[in-house]
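The values are calculated or read from the model by the stated rules, or taken from the named source; none is laboratory data. Keep in mind the model is a prediction, meaning the values are calculated, not measured. Every residue, glycine among them, receives a Cβ derived from its backbone with ideal geometry; neighbour counts consider all protein chains shown. Just so you know, the surface numbers come from the protein's heavy atoms only, side chains and all, with ligands and any DNA or RNA stripped out. Shrake-Rupley method; radii C 1.70, N 1.55, O 1.52, S 1.80 Å.
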Amino acid sequence: MPLIPQEEIIHFESMIYLPMVLTVLERDRSIFENGSFKLKRPYLELVEGAISHVQKELKETKIHMRERQMKVMRGTGDDTFTEYVFYHGGYEDHRRYLNLRLRNRVEELIRIYLSTAEMKV
């Protein structure tokens with residue numbers, strides 16, 4: 001039986017992925033703001049809607065983790081893998097994530113957040 005329940009792993013991984021998604025979306029927003037687009041507003045509204053959704057979920061995740069005394073720390077990394085250390089209930093779990101997997105998951109989450117922002121616009 002794993003020391004950290006699978007339901008909590010989801011929150012740990014959210015603390016890995018959501019800041020990355022937020023970073024990418026904020027960079028994209030600045031590109032749209034400073035780019036030579038004829039009509040910037042539709043792009044900006046879409047990206048800003050996604051950013052606000054990510055920020056809301058990140059805030060909820062942080063609250064959940066604080067209430068349950070959970071913490072995630074970035075460990076060592078190289079060109080292929082990045083290690084993260086999960087702390088929960090006195091236990092420490094070291095997990096290595098393939099950098100390609102991290103990138104693909106961030107890309108997938110960006111698609112999801114942009115599509116939900118599109119529905120709201």
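The requirement of being on the phi < 0 side of the Ramachandran plot and touching a His at 6+ places or on another chain (Cβ under 9 Å) is fulfilled nowhere in the stretch 43-54; no residue meets it. Which one is least open to solvent (accessible area, probe 1.4 Å) among residues in the stretch 69-91 that are within 13 Å of Glu8 (Cα to Cα) and of a type outside the set (S, T, N, Q)? This residue is Phe86. Residues in the stretch 92-102 that are open to solvent by less than 60 Å² (accessible area, probe 1.4 Å) and of a type in the set (Asp, Glu): Asp93 only.
If you check every pair at least six apart or on different chains, which have Cβ atoms under 7 Å apart with a residue in the stretch 86-100 that is among the hydroxyl-bearing types (Ser, Thr, Tyr) first and a residue that is at pLDDT 95 or above second? What qualifies is Tyr87/Met70; Tyr87/Lys71; Tyr97/Phe81; Tyr97/Thr82; Tyr97/Tyr84.
Residues of the stretch 1-42 that are more than 30 Å from Phe81 (Cα to Cα) and of a type in the set (A, V, I, L, M): Leu39 alone. So how many residues does the stretch 32-78 have that are aliphatic (A, V, I, L, M) and in contact (Cβ under 8 Å) with a residue 24 or more places away in the chain? Looking only at that region, the number is 9.
To keep it simple, each residue is scored yes or no on (1) modelled with pLDDT under 95; (2) within 13 Å of Val21 (Cβ to Cβ); (3) touching a strand residue (DSSP E or B) at 6+ places or on another chain (Cβ under 7 Å).
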| residue | (1), (2), (3) |
| --- | --- |
| Glu57 | no, yes, no |
| Phe81 | no, no, yes |
| Gly89 | yes, no, no |
| Glu92 | yes, no, yes |
| Leu100 | no, no, no |
| Val106 | no, yes, no |
| Met119 | yes, no, no |
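Taking the listed residues Ile4, Ile51, Ile16, the one that is surrounded by 15 or more Cβ atoms within 10 Å (Cβ to Cβ) and modelled with pLDDT under 95 is Ile4, with no other qualifying.
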